Amino acid sequence: MTNFFSLFLPILLIFVPRGCSGQQHEKRVTFEDYFQFGKNEYTAKNWPDCVAFMKRAIDDFKQYQDDTVSCRKKCDRRIKTATPSAPKIAKYHETSEIALCLLRCRKDMFGDHQTVRKMSTYHDLEERKPYQYMHICYYHQGELAMAVQSAYTFLVANSDDKDIIQSLNWYMDRDGYSDEMLIDMERKDHEAKFMNGAEAYDEQDWGRCVHEFETSLEKSLIQDEKCRILCQDKIDWSVVDGNPELDILLASMRSSVIRCEHNCLYKLSNINGHYVGNLLAAHFEYLHYCHFKLQRGAEAAQAVANYMLFDDNPLMKRNKYFYGKQYKKDELFTPSQEMMDIYQKRELEARYLEFMEKRFVIKDGELPPEQADDHNPLPIDFHVEDNFPYSEISKLLTPSECKILRAEFDTKERDIFVKELEARVKVLWPNSSFSSVSCGSHVRESKCERAIVFSSESNDCGEWLGKWFTGCVVVFCDHKHVLA
């Protein structure tokens, strides 16, 4: 068997002196120091102190983030906002007041050590790097359960790390191992609630499903707000070269912060190590069905509308098609105001970032050619109406064509018709392509995530089905990317 410790890549260590007796003032020890001390003890094979310092680093890092958020929220609350009609200098004054408030608050919170010395250490803590050391230190102390928990906690945030996967596999072969040890010690509230909701869904506990997912959604938005507040100092200084104009500098700084803010929901979409796609849409994908099973038609329809703000998956359009035939009230499919506000904010961010990424790309020392809309304001109009031609679905297939699709063997006639049908489907979904034709009495699931499924059975020819189906069907896959 391969030696356990040969599974790990060499770790570059940076040693920091323990202290200097000549200093007149005691230096505040921060998560940066604790993390370095922990690495030093790891190298020295002092396993208990390795664990102790890494735990201190994690705790101090969380406290640093909480204090930073507290300062920024307090200053945002205290400073009176300049009126929209006020001159520019009034807005500059408002910014100065916020800056002064932040400086005072950070002085109170952090003393003379107000800034992170090395952002690489900050990112290491964000990526749960202390646990990469702790699981080895725990193992050397004979604490298998804590070693497994630490390794698993690191894996959840670093699912592609081959070394940690090999390490966990190694632990699983040890005497005393049990799956109950696989605990994510950094699991956030919204993750736990999301997982509880999925469990309730699987158990067909529809009331609990609604409660857990609604709570998860609420906690997800709280986490998104915290993440966005922590983005205020995530500035890419590498683009600052020479002596730039103020507006050039501000544009670069703002785009760095807005990009960080916009990406918060993507980061939060990692649930127990699995990417669930658009996090908001993922909640409504469950909620609409749980509401439907509780016979709450209005809530189910609104959940569908909320989902479609963030993802135009054909499967959800099919759900709207199904509910529409059942409830016959188009006005039910109106998104909530809260989700509309979030959608509009994210859409504006996406437009802004797209402009920055396209217009500020320098190739061979040159900017892109000037375009007419380089001088126009950012478009702030929104079109969320669902103009999909649902009435065309019933016209896609005729009974005689369904009979062709039900042929027991592949025939030239069926091959020719499938191409014709693909062309019809592409009118409705331009990015779709044919996937399969099949018949069977057992329940089957489409192989593509954005499936477009139609029955070819004689008794419901052309009926638009969901991703689970029985009988004879024809399946197409839509390849369009999800929305912002």
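The values are calculated or read from the model by the stated rules, or taken from the named source; none is laboratory data. What you are looking at is a predicted structure, and each value in this text was computed from that prediction instead of being measured. Here the Cβ is made from the backbone with ideal geometry for all residues, glycine too, and neighbour counts use every protein chain on show.
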Checklist entry - Does any residue in the range 92-115 that is small (G, A, S) come within less than 9 Å, Cβ to Cβ, of a residue that is part of a helix (DSSP H, G or I) and at pLDDT 90 or above six or more places away or on a different chain, and which pairs are these? => result A99/C75
Next on the checklist: Checking the condition modelled with pLDDT under 95, among the aliphatic types (A, V, I, L, M) and outside the structural domain of Y307 (by TED's automatic domain parsing), which residue from L465, L428, L483, L405 passes?
Outcome noted: L483
Next on the checklist: Please go through the range 421-456 and give me each residue that is part of a strand (DSSP E or B) and hydroxyl-bearing (S, T, Y), ordered by number.
Outcome noted: S432, S433, S435, S436, S438, S455
Item to check | the range 440-462, subset in contact with a Leu (Cβ under 9 Å, 6 or more places away or on another chain) and not hydroxyl-bearing (S, T, Y), residue modelled with the lowest pLDDT | outcome: E449
Checklist entry - Tell me, which residue of the range 299-347 that is of a type in the set (F, W, Y) and part of a helix (DSSP H, G or I) is farthest from L265 (Cα to Cα)? => result Y327
Checklist entry - Failed condition for S400, given (1) in the same structural domain as S455 (by TED's automatic domain parsing); (2) without any contact (Cβ under 8 Å) to a residue 60 or more places away in the chain; (3) closer than 17 Å to K317 by Cβ, with all others met? => result (3)
Checklist outcome for this item: Within the range 374-389, the residues that are without any contact (Cβ under 8 Å) to a residue 12 or more places away in the chain and within 31 Å of the chain's Cα centre (by Cα) are P377, D381, H383, E385, N387
Item to check | Test: residue in the range 113-126 that is within 28 Å of N278 (Cα to Cα), of a type in the set (D, E, K, R) and outside the structural domain of K293 (by TED's automatic domain parsing) | outcome: yes
Checklist entry - Does the range 324-334 contain at least one residue that is of a type in the set (A, V, I, L, M) and more than 23 Å from R296 (Cβ to Cβ)? => result no
Checklist outcome for this item: Restricting the range 390-426 to residues that are of a type outside the set (F, W, Y) and touching an Asp or Glu at 6+ places or on another chain (Cβ under 8 Å), the one nearest to D478 (Cα to Cα) turns out to be L421
Checklist outcome for this item: When every residue in the range 64-87 that is hydroxyl-bearing (S, T, Y) and modelled with pLDDT under 90 is compared, the one nearest to Q232 (Cα to Cα) is T81
